[in-house]
Amino acid sequence: SLLETHLKPNLIKHSLLLIADIFQKGKNFQRSAIAAMLRRCPLREFPMLNEFLNIIMKVQHQNDFEARSALLAVLGGIAQHVVGRRSVGNLIRRSLDSHDIEEQLAAIWAAEQLVKVDGEFAHAIVGQVTKMLHDPAVPVHLHSKLLSILGQCHSSAATDVLESIKKLLSGSILKNPVSGSDHAFSIDCC
């Protein structure tokens, strides 16, 4: 809120770079606090975005699921500013396949935020989400969360989403749909 009320460009730029540095070098509780701040208090403008991303994206290479989850939460929180950034979209898509449930849930949330504003990302992720819904290894409790990604998609991906949902409901892709007999799954699709 201080950044929003004191619109001094140099203060905002300097503060965001300090926040990025803390995020990269700090502990996971600090990363989580930064992610929560950016989720709750979205910035209207984001000066120094390239520099900010260059610093925080280094966290993706750490062998720490919690750190990567915080990174995904930050990216979801600034989704309206990272539209069209393929590196962000690729990270989210890779994290959807994570073996860590916390990272996977953070990727689902970040994907929900980005598909609302980025048509290119929405087109790219529809097939992956559909494939995940057909994968028997994906826990059933994640199905409604994955479906919410499809439900949030940018209008430019509407045709892809409708085709996907038709295939899911008809079970035409699967010989034995994981959730084919589950009425809740059908309701979630609708």
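The values are calculated or read from the model by the stated rules, or taken from the named source; none is laboratory data. Keep in mind that this is a model prediction, so the values were computed, not measured. For neighbour counting, all protein chains shown are included, and Cβ atoms are generated from backbone atoms with ideal geometry for every residue, glycine included. These area figures cover heavy atoms from the full protein model, side chains too; ligands, DNA and RNA do not enter into them. Shrake-Rupley method; radii C 1.70, N 1.55, O 1.52, S 1.80 Å.
Answer with yes or no whether His61 is more than 22 Å from Pro42 (Cβ to Cβ) and not charged (D, E, K, R). I'd like the intermediate steps shown before the answer.
Numbers: more than 22 Å from Pro42 (Cβ to Cβ): yes; not charged (D, E, K, R): yes.
Here the answer is yes, as His61 does meet what is asked.
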**Message:** Name the residue that is nearest to Phe23 (Cα to Cα), counting only residues in the range 35-49 that are open to solvent by less than 80 Å² (accessible area, probe 1.4 Å) and not in a loop (DSSP other than H, G, I, E, B).
**Reply:** Ala35
**Request:** Working only within the range 50-103, note down all residues that are closer than 19 Å to His154 by Cβ and not in a helix (DSSP H, G or I).
**Result:** Ile78, Val82, Val83, Gly84, Arg85
**Close pairs from the range 144-170: first farther than 19 Å from Ala107 by Cβ and in contact (Cβ under 8 Å) with a residue 24 or more places away in the chain, partner β-branched (Val, Ile, Thr) and open to solvent by 80 Å² or more (accessible area, probe 1.4 Å), Cβ under 8 Å, at least 6 apart** = Lys167/Ile173
**Asked** Can you name every residue in the range 58-84 that is more than 13 Å from the chain's Cα centre (by Cα) and either within 20 Å of Gly127 (Cα to Cα) or open to solvent by less than 20 Å² (accessible area, probe 1.4 Å) (or both)?
**Response** Val59, Ala67, Gly84
**Candidates Ser87, Ser164, Ser170, Ser144 - the one that is open to solvent by 60 Å² or more (accessible area, probe 1.4 Å) and more than 30 Å from Ile22 (Cβ to Cβ)** = Ser170
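Report yes if Glu120 is in contact with an Asp or Glu (Cβ under 8 Å, 6 or more places away or on another chain) and charged (D, E, K, R), otherwise no. Working first, answer last.
Values: in contact with an Asp or Glu (Cβ under 8 Å, 6 or more places away or on another chain): no; charged (D, E, K, R): yes.
So Glu120 does not fit the description; no.
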**Message:** Of everything in the range 151-166, what is of a type outside the set (A, V, I, L, M, F, W, C) and out of contact with any His (no Cβ under 9 Å at 6 or more places or on another chain)? Give them in sequence order.
**Reply:** Gly151, Gln152, Ser155, Thr159, Glu163, Ser164, Lys166
